[in-house]
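The next block holds one structure in the form of structure tokens; read it before the comments.
The values are calculated or read from the model by the stated rules, or taken from the named source; none is laboratory data. Bear in mind that the values here come from a model prediction, so they are computed numbers and not experimental data. As a convention, Cβ positions derive from the backbone with ideal geometry for all residues, glycine included, and neighbour counts pool all protein chains shown.
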Amino acid sequence: MVDSDLPLESDTLLMPHGIEDPRSSNVDIAVDTLLLDGQQIHIYQCEKLLGRGGMGAVYLARNQLLHRYCALKVLSPKRISRDFDYISRFENEGRAAAALVHPNIVTTHAIGRYDDHHFLEMEYVSGSSLQNEIDNHGELGPIRSTAMAVGIANGLAAAHRYGIVHRDLKPDNVMVTPAGTPKIADFGLAKRILGDDLPSSNLAGTPYFMAPELFEGAAASPASDVFALGVCYYLMLTGAFPFEGSSIGSVMNAILASNYVSVRRRNPEIPLDVAECVSMMLSANPDNRPRDGASASQLLQAVLGNAQDLDVLVYDAFHGIPGITWTSEGARCRIELTFRNNRRQTVFIENSDHGAGDRLLMIYSTCCGATRDFYEEALRLNAVVKHGGLAIRDIDGVPYFVMIDTYPRATVSGEEIRRSVLEIGANADNIENQLTGKDVN
């Protein structure tokens with residue numbers, strides 16, 4: 001959680017039932033009159049306080065026209081009286097957020113005013129916040145952290161396509177459903193932080209998650225959202241903030257200096273690809289980060305694909321399939337195929353040497369030695385192959401004809417691996433048979 005002694009305002013959209021955000025003790029809503037359980041606002045019957053923060057309180061409410069539960073956010077009257085343009089900004093940005101319908105975004109259903117209450121009706125998510133999960137469990141592990149970051153990035157990507165920047169992404173603003181799906185809340189609702197040691201009192205966001213260019217006066221952008229996602233990713237992996245300090249100013253200085261401890265120094269068992277991804281997202285130069293949510297999702301999916309064990313993918317592809325055996329050989333898997341004519345063929349699966357975002361899964365099988373006598377016939381056979389392609393590859397210094405196919409490592413499925421292995425193996429065996437009449441591979 002954000003240290004309560006830092007002089008900042010924050011807004012927690014939803015907290016677990018019955019649990020108050022401890023930071024709410026020094027913000028406006030603490031002195032506002034809270035609604036009582038069962039109180040009515042327009043068509044909404046408020047049943048329980050879910051959370052409160054600098055902009056208002058959130059209730060579990062029942063929409064009595066549609067007979068469904070929702071999260072009803074009621075704005076703080078004190079905040080409204082202090083910030084005269086807040087209502088217009090809230091309404092404009094609330095309408096923009098309502099355009100976002102995505103599995104990884106908390107849906108905004110309605111925005112309105114009844115008597116003196118300005119409110120926002122949102123989808124009710126029955127889980128808890130991502131921050132609550134980190135508080136309760138500490139580090140979430142590389143695979144779950146990366147899978148969670150992929151979902152958040154997908155939500156950001158949908159918003160960025162509409163030209164909407166979140167501006168205050170943090171684990172408090174990410175709900176996690178009982179099924180483990182992250183859903184981003186509070187899109188477009190910028191907050192202001194206050195502190196005497198800041199260069200401006202109109203900065204939008206929460207200091208721990210703010211990109212360095214924001215402290216230097218740049219406007220919030222998709223790249224600054226990606227930076228905030230990088231901080232969330234770091235938190236999920238380590239249970240700690242990358243940038244720390246005893247005041248907002250010291251946190252700001254750490255961010256501007258890009259002064260943080262690598263995730264692998266905190267936990268050497270975190271894969272290198274994961275650490276590289278975190279570093280890219282936390283780059284001080286926005287041009288060196290993924291440019292938006294879509295690019296961040298692509299990178300994270302690549303990292304997630306690499307984090308999944310190749311043996312597991314192969315097991316999913318071939319478990320229970322007769323005539324196929326496989327063994328692990330360090331960084332690659334060896335697949336032995338037996339065809340109906342009793343011919344046999346070996347197929348290999350391994351990762352390419354590309355970086356995390358560009359890594360490929362290579363599926364290949366050796367046909368025979370690449371002698372010049374076979375070139376013309378090999379070219380003819382390659383022209384009629386429908387899956388994969390014929391290439392020449394040096395093996396122990398000797399050139400061989402090899403059938404090969406590639407897939408993006410991040411998104412390849414067990415079904416694609418199975419289909420490709422069978423077709424590559426059959427094509428390689430056919431070419432070997434036609435060129436040499438032998439069965440040696």
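When you go through (1) at negative phi; (2) surrounded by fewer than 19 Cβ atoms within 10 Å (Cβ to Cβ); (3) assigned to a loop (DSSP other than H, G, I, E, B) one by one for Arg334, which number turns out not to apply?
It is condition (3) that Arg334 fails.
Looking only at residues in the stretch 420-441 that are assigned by TED's automatic domain parsing to the domain that holds Gly320 and within 16 Å of Cys333 (Cα to Cα), which one is nearest to the chain's Cα centre (by Cα)?
Among those residues, the one meeting the criterion is Ser420.
Go through the stretch 112-135 and give me each residue that's crowded, with 21+ Cβ neighbours inside 10 Å, polar (S, T, N, Q) and assigned to a strand (DSSP E or B).
Answer for the stretch 112-135, where residues must be crowded, with 21+ Cβ neighbours inside 10 Å, polar (S, T, N, Q) and assigned to a strand (DSSP E or B): just Ser129.
Just checking, how many residues over the stretch 97-111 are in a loop (DSSP other than H, G, I, E, B), surrounded by fewer than 21 Cβ atoms within 10 Å (Cβ to Cβ) and modelled with pLDDT of 85 or more?
The qualifying residues number 5.
Would you point out the residue of the stretch 48-61, among those that are part of a loop (DSSP other than H, G, I, E, B) and not hydrophobic (A, V, I, L, M, F, W, C), that is modelled with the lowest pLDDT?
The selected residue is Gly54.
For Ile417, state whether it is closer than 30 Å to Arg144 by Cα and in contact (Cβ under 8 Å) with a residue 40 or more places away in the chain.
In short, yes.
Looking at (1) at pLDDT 80 or above; (2) under 28 Å from Pro322 (Cβ atoms); (3) among the β-branched types (Val, Ile, Thr), which one does Val398 not meet, given that it meets all the others?
(2)
Looking at (1) crowded, with 19+ Cβ neighbours inside 10 Å; (2) of a type in the set (A, V, I, L, M); (3) modelled with pLDDT of 85 or more, which is the only condition Met362 fails?
The single condition Met362 does not satisfy is (1).
Out of Ser258, Ser247, Ser328, Ser262, I need the residue that is outside the structural domain of Ser224 (by TED's automatic domain parsing) and small (Gly, Ala, Ser). Which one?
Among Ser258, Ser247, Ser328, Ser262, only Ser328 is outside the structural domain of Ser224 (by TED's automatic domain parsing) and small (Gly, Ala, Ser).
Output the number of residues of the stretch 383-421 satisfying the condition of being within 18 Å of Leu310 (Cβ to Cβ) and either assigned to a loop (DSSP other than H, G, I, E, B) or not β-branched (Val, Ile, Thr) (or both).
The qualifying residues number 14.
Residues being assigned to a loop (DSSP other than H, G, I, E, B), under 27 Å from His137 (Cβ atoms) and not basic (Lys, Arg): count how many of those fall in the stretch 156-175.
3
Looking at Gln45, is it surrounded by fewer than 16 Cβ atoms within 10 Å (Cβ to Cβ), over 19 Å from Met175 (Cα atoms) and either at pLDDT 80 or above or within 31 Å of the chain's Cα centre (by Cα) (or both)?
When the stated conditions are applied, Gln45 does not pass them.
I'm told Ala383 meets every condition in (1) loosely packed, with under 14 Cβ neighbours inside 10 Å; (2) touching a Phe, Trp or Tyr at 6+ places or on another chain (Cβ under 7 Å) except one. Can you identify the failing condition by its number?
Only one criterion is unmet by Ala383, namely (2).
When you go through Phe318, Phe339, Phe348 one by one, which is the residue that is aromatic (Phe, Trp, Tyr) and closer than 18 Å to Leu435 by Cβ?
Of Phe318, Phe339, Phe348, the one residue that is aromatic (Phe, Trp, Tyr) and closer than 18 Å to Leu435 by Cβ is Phe339.
Give the residue, chosen from Arg340, Arg344, Arg289, Arg334, that is within 27 Å of the chain's Cα centre (by Cα) and modelled with pLDDT of 80 or more.
Arg289
Name the residues in the stretch 258-270 that are over 13 Å from Glu139 (Cα atoms), of a type outside the set (S, T, N, Q) and touching a residue at least 12 places away in the same chain (Cβ under 8 Å), would you?
Result: Tyr260, Val261.
For every residue, the table says whether it meets (1) within 15 Å of Ser413 (Cβ to Cβ); (2) of a type in the set (A, V, I, L, M).
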| site | (1), (2) |
| --- | --- |
| Asp311 | no, no |
| Tyr315 | yes, no |
| His319 | yes, no |
| Pro322 | no, no |
| Trp326 | no, no |
| Ala331 | no, yes |
| Leu337 | no, yes |
| Thr346 | no, no |
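Yes or no, residue by residue, for (1) hydroxyl-bearing (Ser, Thr, Tyr); (2) over 20 Å from Ala302 (Cα atoms):
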{"residue": "Glu336", "(1), (2)": "no, yes"}
{"residue": "Tyr375", "(1), (2)": "yes, yes"}
{"residue": "Asn382", "(1), (2)": "no, yes"}
{"residue": "Asp396", "(1), (2)": "no, yes"}
{"residue": "Tyr400", "(1), (2)": "yes, yes"}
{"residue": "Pro408", "(1), (2)": "no, no"}
{"residue": "Leu422", "(1), (2)": "no, yes"}
{"residue": "Asn427", "(1), (2)": "no, yes"}
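Go through the residues of the stretch 62-70 one by one and say whether even a single one is assigned by TED's automatic domain parsing to the domain that holds Gly293 and modelled with pLDDT under 85.
Scanning the stretch 62-70, I find no residue that is assigned by TED's automatic domain parsing to the domain that holds Gly293 and modelled with pLDDT under 85, so the answer is no.
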